[in-house]
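Here is the structure we will look at, set down as structure tokens.
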Amino acid sequence: MESLFDNEIAEQVFYRCVEDCFEPVMITDRKGVLKYVNPAWCLTYGYSREEALGETPRLLRTENQDDKFYREMWATILNPQIGFWRGEVLNRAKDGHVVPVLLTITPYRQPMGEIVGYMGIAVDLSDHKQMEQQILRQDRLASIGMLAGGLAHEIGNPLGVMRGRAELLLKQVKDNPAAEKNATVIIGQIDRISGLIQSLLRISRIPDKVLLRSIDLAPVLQEVAILMGEACRRAEIDFRLKDVDCKVLAEPSYLQQLFLNLVINSTHAIEEQKAKGPSALLENRGGRHFIEVSTKLEEGGQICAVEIRDSGCGIAAENLRKLFQPFFTTKAAGQGTGMGLAIVLKLVEEMQGQVSVESSGPGSGAKFTVRLRAPSH
């Protein structure tokens with residue numbers, strides 16, 4: 001019986017193996033021009049085969065790898081004693097999102113040994129990296145929980161005594177405006193410390209099972225608009241609710257705090273942008289700062305996405321991944337604790353949802369998106 005690999009059928013078999021491979025595969029000529037990409041490559045990076053062929057892998061390149069990185073990579077591939085390269089790289093898909101991959105590049109040769117091109121096989125590490133970040137975050141939260149528990153125990157009672165004495169002092173200095181002001185400041189700072197400890201406990205707590213029920217978002221968001229209305233008017237910010245008719249599965253007590261935190265964050269970003277001067281975004285939107293809250297259904301109506309857009313100072317690319325970490329803040333010292341967005345993330349996760357942020361950089365505003373499950377019909 002003739003072997004399958006003794007004739008042209010072999011080429012068809014190998015072609016089907018590569019074409020049907022679950023991992024992204026690309027093949028270039030000696031000059032690095034793409035001659036073939038498989039469907040998995042197109043799915044991962046968002047380019048059609050027609051868009052990719054004739055280009056070079058540079059269309060995937062990000063700033064995370066510099067020219068030195070690629071020089072060393074090609075030196076390894078062309079080293080006769082090694083002959084291949086394998087390592088992690090961050091590539092950019094057509095829509096702009098970054099895809100972490102484990103990439104292997106090997107040359108392919110003519111029968112006489114001359115290199116005629118290169119094949120790259122990638123393994124998408126997105127899920128792996130996400131799980132890695134979740135584990136690291138759980139470790140951080142466990143450490144914060146131990147810290148918060150210790151703080152609550154060790155300084156909770158002294159803070160209570162200090163606040164009681166400060167209130168007593170406040171009553172005794174009613175006729176002394178300067179002393180009255182100082183006592184009020186002391187009480188305010190004590191409350192700030194107490195609030196910080198409670199925030200630490202809140203984000204580190206492993207909750208009991210949260211009972212989710214169907215909630216109409218419109219009244220919740222309208223209440224947020226009422227609560228923030230006066231502050232936004234004073235700051236000359238247009239607060240807009242747009243198409244907020246949507247229901248979600250949620251814990252009622254969480255929702256208002258969640259959206260208040262996000263809107264307050266937007267007002268702070270706008271105040272920071274005001275201090276820096278006009279931005280192109282502001283000029284394109286009528287010259288007045290805005291916060292816009294809207295909802296839309298996704299995944300066939302199974303998910304309700306709440307979007308909070310603002311005309312604030314925007315977010316630098318290197319800070320996007322850090323925003324939801326406890327204590328991370330871009331505000332000046334004493335102006336923020338870095339706990340607001342960490343609490344937002346905790347609230348959303350407790351309701352089995354997701355929160356994400358997008359920004360094109362400083363001066364471009366930001367969009368926070370909260371995705372919560374919609375009730376089944």
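The values are calculated or read from the model by the stated rules, or taken from the named source; none is laboratory data. Everything numeric here is computed off the predicted structure, so don't read it as measured data. Using ideal geometry, Cβ is built from the backbone for each residue, glycine included, and neighbour counts are taken over all protein chains shown.
In region 32-122, which helices (runs of 4 or more DSSP H) lie fully inside it and hold 2 or more residues that are of a type in the set (Asp, Glu)?
Of the helices (runs of 4 or more DSSP H) lying wholly inside region 32-122, those with at least 2 residues that are of a type in the set (Asp, Glu) span 49-52, 67-77.
Just to be sure before I move on: is Val98 at pLDDT below 90, hydrophobic (A, V, I, L, M, F, W, C) and assigned by TED's automatic domain parsing to the domain that holds Ile27 in the structure I sent?
Values: at pLDDT below 90: yes; hydrophobic (A, V, I, L, M, F, W, C): yes; assigned by TED's automatic domain parsing to the domain that holds Ile27: yes.
In short, yes.
Counting only residues that are out of contact with any Lys or Arg (no Cβ under 7 Å at 6 or more places or on another chain) and β-branched (Val, Ile, Thr), which one in region 23-49 is nearest to Glu114 (Cα to Cα)? Walk me through it before giving the result.
Going through region 23-49, the residues out of contact with any Lys or Arg (no Cβ under 7 Å at 6 or more places or on another chain) turn out to be 23-26, 30-36, 38-41, 43-44, 48-49.
If we keep only those that are β-branched (Val, Ile, Thr) too, we end up with 25, 33, 44.
Details: Val25: 22, Val33: 17, Thr44: 31 Å.
Among those residues, the one meeting the criterion is Val33.
Inspect all residues belonging to region 37-55 and state whether any of them is crowded, with 16+ Cβ neighbours inside 10 Å, among the hydrophobic types (A, V, I, L, M, F, W, C) and over 29 Å from the mean Cα position of the chain (by Cα).
Among the residues of region 37-55, at least one is crowded, with 16+ Cβ neighbours inside 10 Å, among the hydrophobic types (A, V, I, L, M, F, W, C) and over 29 Å from the mean Cα position of the chain (by Cα), which makes the answer yes.
Anything in region 43-85 that is in contact (Cβ under 8 Å) with a residue 60 or more places away in the chain and within 13 Å of Gly32 (Cβ to Cβ)? List them, or say none.
Result: Pro57, single match.
One line per residue, one yes/no per condition, for (1) touching a Phe, Trp or Tyr at 6+ places or on another chain (Cβ under 6 Å); (2) closer than 24 Å to Arg109 by Cα; (3) exposed (fewer than 13 other Cβ atoms within 10 Å of the Cβ):
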residue: Cys17; (1), (2), (3): no, yes, yes
residue: Arg30; (1), (2), (3): no, yes, yes
residue: Val33; (1), (2), (3): no, yes, no
residue: Thr62; (1), (2), (3): no, no, yes
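Taking the criterion of being touching a strand residue (DSSP E or B) at 6+ places or on another chain (Cβ under 9 Å), modelled with pLDDT of 90 or more and under 23 Å from Leu90 (Cα atoms), would at least one residue in region 11-23 satisfy it? Write out each step before concluding.
From region 11-23, those touching a strand residue (DSSP E or B) at 6+ places or on another chain (Cβ under 9 Å) are 18-19, 21, 23; that's our starting set.
With the extra rule that they be modelled with pLDDT of 90 or more, the set shrinks to 23.
With under 23 Å from Leu90 (Cα atoms) added as a condition, the list becomes 23.
There is at least one residue in region 11-23 that is touching a strand residue (DSSP E or B) at 6+ places or on another chain (Cβ under 9 Å), modelled with pLDDT of 90 or more and under 23 Å from Leu90 (Cα atoms).
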